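Undergrad: First the structure, then my questions, so here it is.
The values are calculated or read from the model by the stated rules, or taken from the named source; none is laboratory data. None of the values given here were measured: they were computed from a predicted structure. Here the Cβ positions follow ideal geometry from the backbone for every residue, glycine too, while neighbour counts run over all protein chains shown. When the accessible area is computed, the model is the full protein with side chains, heavy atoms only, and any ligands, DNA or RNA have been set aside. Shrake-Rupley method; radii C 1.70, N 1.55, O 1.52, S 1.80 Å.
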Amino acid sequence: MAASSQITGMEVKTSKGHLKVCKMKKKVLRKQVRAQHTLMKHEGIECVSHATQSLVIANAGLGNGMSRHQLLRIVGEHGLVETLLMPPNKPYSFVKYGTTEEAKKAFGALNGKEVTLEDCGQNIVLYINFVEKVLWQNAVPTSLPPGLMIIEKIISPEEERRMLESIDWIGYEDTQNGGKNHRNPDLPYFFCWFYVQFQFTRSLHLAQKTLKHRRVKHFGYEFCYDNNNVDKDKPLPGGLPKICDLFLENCLKQGYIKHKPDQLTVNQYEPGQGIPPHIDTHSAFEDEIISLSLGAQIVMDFKHPDGHTVAIMLPRCSLLVMAGESRYLWTHGITPRKYDVIQASELGQKVGTITADVGDLTLNRRETRTSFTFRKVRRSPCNCIYPSVCDSQKGQQRQVQPSFPHNEMEASVLEQEYVHKVYEEIATHFSSTRHSPWPRIVEFLRSLPKGSIVADVGCGNGKYLGINEDLYMVGCDRSKNLVGICGEKNFQAFVCDALSVPIRSGSCDACISIAVIHHFSTAERRLATIRELARLLRPGGMALIYVWAMEQEYKNQKSKYLKEKNGSKDEEEINTGSAQRPLSDQMPDSNKQNSACSDRLLNDLKDEGCDAKPVAHSRLPVHTNRTSFHSQDLLVPWHLKGGAKKKGESVDTVVFPAGSKESQELSPVFHRYYHVFCEGELEAACRSLDCVRVQKSYYDQGNWCVVLEKL
């Protein structure tokens, strides 16, 4: 009887253990499936049910604290690792083994396994799936912001030690402890107060502040954080420390700086601390701002107003020099975190930008870092070439922004200045960013019958002229320089205006107008351009029109234009990857336009529910690249690379990096006029013409598109 009870107890215990194992297996399976969905949703990579050489490991990524050396050790226990890919800021990684058998072995051993992250002690569970060959596209290497320079090992370890010792943080700590001497907490309050006053008197030449993210001392002039400025009439006694004077004299001698600073801010950051993104106040300091990194390396993030970001490694004992565009236009900051994502192959040695090479990234634990930031106090208002971010020039830039045109003459002048001239200047750089044809435009061209005559009105660099060799295609563009690029490619193209195309009426089987009509500044001129396309078509001929959409987020999906906000491509402006063509200069014939058309168009737009507000009585706003639109009529910047200053009111200038061969040359920032179309607007304009029928309309990655048929 006792033996029977014992056996029954063992069976119950075994049953409970079996049930627990089953529950664990089900939990692991659920997590696997969730990881599959995440990978498919965010990266478009599909997991497979059969065994392959490649695995994706969820919970083992740079984004959740797994370092490369730890993961390599874990996966390396089960076979020869050919490739380990760790995408930045992602909670998963990819590993490829030498054989499928090794991958299967790793799958069985690691799926559901709990491991402890070495750097933080946190326990995580790995979830594994098989994937086919992983082709991860790394970001294009980015260059330093213009005007920024990094000098590595500018001081020796001994000089670093002396500079750190020159900063007395004891007085700082005493004043932050309410008068209590942390060295002898038993001293009476009066003596503690006397000690603090002595420390303050001894350190009278500096100012010190308690900030949320760091501790700070000021020399020369105190920086006031309440207004982000300095009181130029109240210098601090004593000036800069002597050792800093010697350092600055050496920088001047070596040519790293042009003017000797008279203000110093010393910041000490504990691991995990940082500073918010900011631009040092223009009116407070002159052009050059330099920062010496001591004690530890750090990754600093620079961000352009168009959203483009660059992560830059600042090694220990290196000097960062910000001048020109990098000082005046880009924000810089340090993200609060305990680890930086850096290049693995040159741990602690990498200078410059951090490239998103997923095969060579790892985590680096931050250490206590002290920065010496030197500035020269400005004595006159800032007159830089970046008025949009300059506090000395606030409001002044609005005086030079063009107004919305009130008549045809003003429209023609606006387009000449902010479309035609601009594209002539940027043609070469613009063409270099226009490589990939858009699939649905290619589909349209390849669907046409063999031998069709097709006009590309606004062909730009001719990207679509050679898509289908079975067609006879001819292009035209308002830009002589873009047409010249077409000629270099042996394409047939000529210069003309989209409002008056010198092609016989009814002679084309099809026309395309890709990203052209949004450059016309009145509804009448946009409608006249569509009418001109219809004139070229034979009865039954087709036209495809693309225009930029105001809705850059449609059906809960962001357009490619918004998604590429942090991208590092040369393409700095547009959504489609299709060329943007300036094609409006000449006035249309009066018999081609009338007020009835305009009234009918406006009524159609109301019927279609387009509620965007016109800006007919306001200055045209300047758009911030890679952001949503807040106005239908606006100016969009183009940052020309490698160009020289040209005449024209639509141009700002930016300075190349100091010390480079191009440092004396100027690179323009051009502004182009656009009218972005709201939903239904393009379709309504087309339907207002009696000679065409809208066969199809659709939204394609931030563009409204229409296919017309000539009646």
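Undergrad: Could you list, ordered by first residue, the pairs with Cβ atoms under 8 Å in which the first is in region 365-378 and in a strand (DSSP E or B) and the second is acidic (Asp, Glu) and open to solvent by less than 30 Å² (accessible area, probe 1.4 Å), at least 6 apart or interchain?
TA: Partner pairs satisfying both residue conditions: 375/280.
Undergrad: A follow-up question, please. Can you tell me which of (1) at pLDDT 90 or above; (2) assigned to a strand (DSSP E or B); (3) open to solvent by 10 Å² or more (accessible area, probe 1.4 Å) is the one residue 289 doesn't meet?
TA: Result: residue 289 fails condition (3) only.
Undergrad: So, of the residues in region 196-223 that are open to solvent by 40 Å² or more (accessible area, probe 1.4 Å), of a type outside the set (Lys, Arg) and closer than 28 Å to residue 273 by Cβ, which turns out to be modelled with the highest pLDDT? If you could, list the steps in order and put the result at the bottom.
TA: First, pick out the residues of region 196-223 that are open to solvent by 40 Å² or more (accessible area, probe 1.4 Å): 197-198, 200-202, 204-205, 208-213, 215, 222.
After this cut, where a residue has to be of a type outside the set (Lys, Arg) as well, the list is 197-198, 200-201, 204-205, 208, 210-211, 213, 222.
Now drop any that are not closer than 28 Å to residue 273 by Cβ, which leaves 200, 204-205, 208, 210-211, 213, 222.
On the way: 200: 38, 204: 39, 205: 41, 208: 48, 210: 48, 211: 54, 213: 55, 222: 90.
Checked region 196-223; the qualifying residue modelled with the highest pLDDT is 222.
Undergrad: Now for a separate question. Any residue in region 610-629 that's of a type in the set (Val, Ile, Thr) and surrounded by fewer than 18 Cβ atoms within 10 Å (Cβ to Cβ): show its pairings with residues that are modelled with pLDDT of 85 or more and part of a loop (DSSP other than H, G, I, E, B) at Cβ separation under 6 Å, as long as the two are six or more apart or on different chains.
TA: Close Cβ pairs (under 6 Å, with a partner that is modelled with pLDDT of 85 or more and part of a loop (DSSP other than H, G, I, E, B)) amount to 615/404; 615/631.
This table checks each residue for (1) within 19 Å of residue 296 (Cα to Cα); (2) touching a Leu at 6+ places or on another chain (Cβ under 7 Å); (3) loosely packed, with under 15 Cβ neighbours inside 10 Å; (4) at pLDDT 90 or above.
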{"position": "141", "(1), (2), (3), (4)": "no, no, yes, no"}
{"position": "157", "(1), (2), (3), (4)": "yes, no, yes, yes"}
{"position": "164", "(1), (2), (3), (4)": "yes, yes, no, yes"}
{"position": "181", "(1), (2), (3), (4)": "no, yes, no, no"}
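Undergrad: Identify all residues within region 431-453 that are on the phi < 0 side of the Ramachandran plot and either assigned to a loop (DSSP other than H, G, I, E, B) or in contact with a helix residue (DSSP H, G or I) (Cβ under 7 Å, 6 or more places away or on another chain) (or both); write none if there are none.
TA: Let us first name the residues in region 431-453 that are on the phi < 0 side of the Ramachandran plot, namely 431-450, 452-453.
Selection gives 431, 433, 434, 435, 436, 437, 438, 447, 448, 449, 450, 452.
Undergrad: For the structure I just gave you, tell me whether residue 69 is at pLDDT 80 or above, open to solvent by 10 Å² or more (accessible area, probe 1.4 Å) and not in a loop (DSSP other than H, G, I, E, B).
TA: yes
Undergrad: To continue, here is another question. Tell me the residue from 252, 264, 294, 320 that is over 30 Å from residue 563 (Cα atoms) and free of Cβ contacts under 8 Å to residues at least 24 places away in the same chain, please.
TA: So the residue among 252, 264, 294, 320 that is over 30 Å from residue 563 (Cα atoms) and free of Cβ contacts under 8 Å to residues at least 24 places away in the same chain is 252.
Undergrad: For residue 278, only one of the following conditions fails: (1) more than 32 Å from the chain's Cα centre (by Cα); (2) under 30 Å from residue 120 (Cβ atoms); (3) of a type outside the set (Lys, Arg). What is its number?
TA: Result: residue 278 passes all but (1).
Undergrad: Looking at 76, 63, 98, 121 in this structure, which one is under 27 Å from the mean Cα position of the chain (by Cα) and without any contact (Cβ under 8 Å) to a residue 60 or more places away in the chain?
TA: Going through 76, 63, 98, 121 in turn, the sole match is 63.
Undergrad: Which pairs have Cβ atoms under 8 Å, sit 6 or more apart or on different chains, and link a residue in region 412-430 that is within 12 Å of residue 670 (Cα to Cα) and open to solvent by 30 Å² or more (accessible area, probe 1.4 Å) to one that is in a helix (DSSP H, G or I) and of a type in the set (S, T, N, Q)?
TA: If the second residue must be in a helix (DSSP H, G or I) and of a type in the set (S, T, N, Q), the pairs left are 424/481.
Undergrad: Looking at 248, 252, which one is in contact with a strand residue (DSSP E or B) (Cβ under 7 Å, 6 or more places away or on another chain) and either modelled with pLDDT of 90 or more or open to solvent by less than 10 Å² (accessible area, probe 1.4 Å) (or both)? Break it down into steps so the answer makes sense when it comes.
TA: Values: 252 fails: in contact with a strand residue (DSSP E or B) (Cβ under 7 Å, 6 or more places away or on another chain).
So the residue among 248, 252 that is in contact with a strand residue (DSSP E or B) (Cβ under 7 Å, 6 or more places away or on another chain) and either modelled with pLDDT of 90 or more or open to solvent by less than 10 Å² (accessible area, probe 1.4 Å) (or both) is 248.
Undergrad: Give me the pairs, please: first residue somewhere in region 673-701 and farther than 18 Å from residue 631 by Cβ, second residue anywhere and in a loop (DSSP other than H, G, I, E, B) and basic (Lys, Arg), beta-carbon distance under 9 Å, and either six or more positions apart or on two chains.
TA: Matching pairs, first to second residue: 699/555.
Undergrad: Right, next: Answer yes or no as to whether residue 96 is crowded, with 16+ Cβ neighbours inside 10 Å and not in a helix (DSSP H, G or I).
TA: The answer is yes for residue 96.
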